[in-house]
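Undergrad: Got a structure for you, questions after.
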Amino acid sequence: MNNQLGIDVGTANTRICAKGEGILLRAPSVIAVRKESHAILATGLEAKQMIGRTPHSVLAERPIRGGAVVDIELASLMLGDFLGRLGATSVFRRPTVTACIPCGAGETAKCALEDACFEAGAGNVALVEKPMAAAIGAGIRVASPLGGVLVDIGAGTTSVAVISHGGVVVSGVSRKAGDAFTEAIIEYLAKEHFILVGESTAESVKYSIGSLSDTPDTRKLEIMGKSTQMGGACRVYVSAAMLREALIEPANILINTIRKALEETPPELSSDITKYGLLLSGGGSLLHGLPEYIASTLGLRTSLSAHPRDDVCLGLAAILGGGPEMSRYLVYRSR
């Protein structure tokens, strides 16, 4: 394996690529450990399936929240396990890792991510702004003088970047992203149907019948959870039309983030954006009807990337294999 790795450590999922080898690992950003010893029990999908189902002695946790490392120890254990699966680290092997950081992240967030990568086994760490990596992976010609807008909707953050001449001209970040739609479904079901569901159930509902489309949608889904009135298990039927009202609020907050970035964009680039529109990336952009809702609200053509979940990691792979001209996007830190 090449000794140069790219890691997209996301709130929901982590992806790892190697120079010249493409994406080698995709896994949920979740780890399960014993509380007292922090001995690893599971990572990735297996750990995600344990959330909400563990005994008191076991902790199943997402160490990345809002696009940032919130628990360095758990994050480093999780990343170390992922790298171990690939045979990327050993006593004699400490790879150079390029990791993504949300646009506008502070020094504390950068240091936390670096610490997690170093403790996971990296010998050197380079950081690159996530929107730039996503834009490259999505196929935006970032070196062009024409203005391009990349809206990266992850699980924990939404990043808006107006890109021209190889740099981010204007950026905006919001904590409302894919998880906000999931949380809206949880709140809606509790308030309107008196049923409590967990994060995984709400996420499944979101991808099954969640939609912002204004066309008639008669799809219904049976949902099982815990009654807030009786305390026992119960089931309800919910339609896509019902859920739409719950999803509009977080969608409008997301749109306000885009609008604010556009308002700060220089006039010369605004004309390009009016002509070419917006490009959506990230797993959160896959909510049914979201591109059309953004387009109708902002009056701008809005399209979805061909591979929204993988754009950031594909961008990292392109940066790693792009030679000296791509090195300007990196900031190296070593120990």
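Bear in mind these aren't lab numbers, they're just calculated from the coordinates by the rules spelled out. The model shown is predicted, which means the values in this text are computed figures rather than measured ones. Please note: Cβ atoms are built from the backbone with ideal geometry, for glycine as well, and neighbour counts cover all protein chains shown.
Undergrad: When the residues of segment 252-296 are filtered to those that are of a type in the set (Ser, Thr, Tyr) and in contact with a strand residue (DSSP E or B) (Cβ under 6 Å, 6 or more places away or on another chain), which remaining residue is farthest from Ile140 (Cα to Cα)?
TA: Restricting to residues being of a type in the set (Ser, Thr, Tyr) and in contact with a strand residue (DSSP E or B) (Cβ under 6 Å, 6 or more places away or on another chain), the top hit is Thr257.
Undergrad: Can you run down the residue pairs with Cβ atoms below 7 Å, 6 or more apart or on separate chains, where the first is in segment 1-24 and farther than 15 Å from His307 by Cβ and the partner is crowded, with 17+ Cβ neighbours inside 10 Å and aromatic (Phe, Trp, Tyr)?
TA: Going by the 7 Å Cβ cut-off, the qualifying pairs are Thr14/Phe82; Ile16/Phe82.
Undergrad: Right, another one. Please indicate, with yes or no, whether at least one residue in segment 200-219 is assigned to a strand (DSSP E or B), surrounded by 15 or more Cβ atoms within 10 Å (Cβ to Cβ) and either free of Cβ contacts under 8 Å to residues at least 60 places away in the same chain or among the acidic types (Asp, Glu) (or both).
TA: no
Undergrad: Is it fair to say Val30 is under 13 Å from the mean Cα position of the chain (by Cα) and closer than 25 Å to Cys103 by Cβ?
TA: Answer is no for this residue.
Undergrad: Which one of these is in contact with a Ser or Thr (Cβ under 8 Å, 6 or more places away or on another chain) and closer than 19 Å to Ile72 by Cβ: Cys117, Cys103?
TA: Selected residue: Cys117, the only one of Cys117, Cys103 that is in contact with a Ser or Thr (Cβ under 8 Å, 6 or more places away or on another chain) and closer than 19 Å to Ile72 by Cβ.
Undergrad: Name the residue that is nearest to Leu77 (Cα to Cα), counting only residues in segment 33-51 that are more than 18 Å from the chain's Cα centre (by Cα) and part of a strand (DSSP E or B).
TA: So, considering only residues that are more than 18 Å from the chain's Cα centre (by Cα) and part of a strand (DSSP E or B), the one nearest to Leu77 (Cα to Cα) is Ile40.
Undergrad: Looking at segment 242-335, what strands (runs of 3 or more DSSP E) fall wholly within it and have at least 3 residues that are crowded, with 16+ Cβ neighbours inside 10 Å?
TA: Once the strands (runs of 3 or more DSSP E) in segment 242-335 are filtered for at least 3 residues that are crowded, with 16+ Cβ neighbours inside 10 Å, what remains is 278-281.
Undergrad: Moving to a separate point now. Please enumerate the residues belonging to segment 85-113 that are part of a helix (DSSP H, G or I) and either surrounded by 24 or more Cβ atoms within 10 Å (Cβ to Cβ) or without any contact (Cβ under 8 Å) to a residue 40 or more places away in the chain (or both).
TA: If the condition is that a residue be part of a helix (DSSP H, G or I) and either surrounded by 24 or more Cβ atoms within 10 Å (Cβ to Cβ) or without any contact (Cβ under 8 Å) to a residue 40 or more places away in the chain (or both), then Glu107, Thr108, Lys110, Cys111, Leu113 are the ones that fit.
Undergrad: Is at least one residue of segment 128-148 of a type outside the set (Val, Ile, Thr), closer than 22 Å to Val30 by Cβ and part of a loop (DSSP other than H, G, I, E, B)?
TA: Checking segment 128-148: not a single residue is of a type outside the set (Val, Ile, Thr), closer than 22 Å to Val30 by Cβ and part of a loop (DSSP other than H, G, I, E, B).
Undergrad: As an exercise: evaluate Thr54 against (1) touching a residue at least 24 places away in the same chain (Cβ under 8 Å); (2) assigned to a loop (DSSP other than H, G, I, E, B) and give the number of the one condition it does not meet.
TA: Condition (1) is where Thr54 drops out.
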